[in-house]
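Here is the structure we will look at, set down as C-alpha cells.
Please treat every number below as a calculation from the coordinates, not as lab data. Note that the coordinates shown come from a computational prediction; the quantities given were computed from them, not determined experimentally. Cβ coordinates were reconstructed from backbone atoms using ideal geometry, including for glycine residues, and neighbour counts include every protein chain displayed.
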C-alpha cells in the first residue's frame, strides 16, 4: 500500500527594492505568457488542431520574442516563461503511462517515486521495471554544484 503525505510550509519573502524591481518584470511576463498559452490552446481547439507542448512553447515564447508587440519578453530569463507553459499543460498531458505494464500516474507522482529510487540506487522503478544504478554513477561531477570524486576515491560532501 502506498501512503502519500502532503506537507506544506508557509514562506514569506520580503524582497528589497532592487530585488522587487528585478522580479516584477519576470512576474508580468509569466502572466502574459500564461494568458497567451490559454488563448493559443483555445484557438487550436476551435480550429480542430492538436498542439504539442513544444509547439505551444514555440508560438507563445520563441516566436513572440521576435515580434515587435512581444519583443520585451526577451528582457527576462526564459526559464520562468517555459515553466509557465509547462504549468498550463492540460491534465491529460501530465500523465505518465508505462508502456511495459500500463501503470498510469500523474507525472509529479511518478517523479516523486522515481527520484528517491534513483538516489538510493534502487533496482526497480515505480512500476516494478528494473533500473540500472550504474547509469547514475556516471553523472557524478556533471551536475551543477557537484564536486566529483577526489583522488583516492572518496566523494567530498559540501558542508
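Couple of notes before you dig in:
- Scanning the range 42-92 for residues that are within 21 Å of the chain's Cα centre (by Cα) and assigned to a loop (DSSP other than H, G, I, E, B) gives 51, 52, 76, 77, 88, 89, 90.
- Residue in the range 5-15 that is surrounded by 11 or more Cβ atoms within 10 Å (Cβ to Cβ), without any contact (Cβ under 8 Å) to a residue 40 or more places away in the chain and over 19 Å from the mean Cα position of the chain (by Cα) present: yes
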